[in-house]
């Protein structure tokens with residue numbers, strides 16, 4: 001399933017050829033750990049032009065690499081293993097990465113946290 005906004009981004013990028021010459025701002029990378037596997041694509045669609053959302057489930061082999069590349073982390077506490085939470089906490093402490101705990105796996109709840117973290121990341 002693709003994001004409905006993906007087509008708009010493609011058209012917008014095609015309509016402005018000078019956009020590639022403009023200096024690129026660093027996008028804020030948010031990692032969602034846990035959550036429902038069937039909602040992974042919807043979590044990714046919560047990003048915008050300034051935010052990139054990556055998702056890692058418990059069985060994801062890319063958790064370590066995703067943690068290293070993230071600017072902030074959201075842990076969906078009702079859908080994640082204890083070992084994954086411990087791994088995230090240790091890594092976040094070492095790097096000083098902010099971690100928030102979402103109490104619901106709903107897309108709306110996770111999207112609200114993504115917006116808050118992106119706003120805090122832009123102001124700091």
Open item on the list: Against the conditions (1) at pLDDT 90 or above; (2) loosely packed, with under 11 Cβ neighbours inside 10 Å, where does residue 33 fall short? Just the number, please.
Closed with: (2)
Open item on the list: Considering only region 36-46, I want to know if a residue exists there that is more than 15 Å from the chain's Cα centre (by Cα), modelled with pLDDT of 70 or more and farther than 29 Å from residue 94 by Cβ.
Closed with: yes
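The values are calculated or read from the model by the stated rules, or taken from the named source; none is laboratory data. A quick note: this is a predicted structure, and the numbers were derived from the prediction, not measured. Quick reminder, even Gly has a Cβ in these numbers, built from the backbone with ideal geometry, and neighbours come from all protein chains shown.
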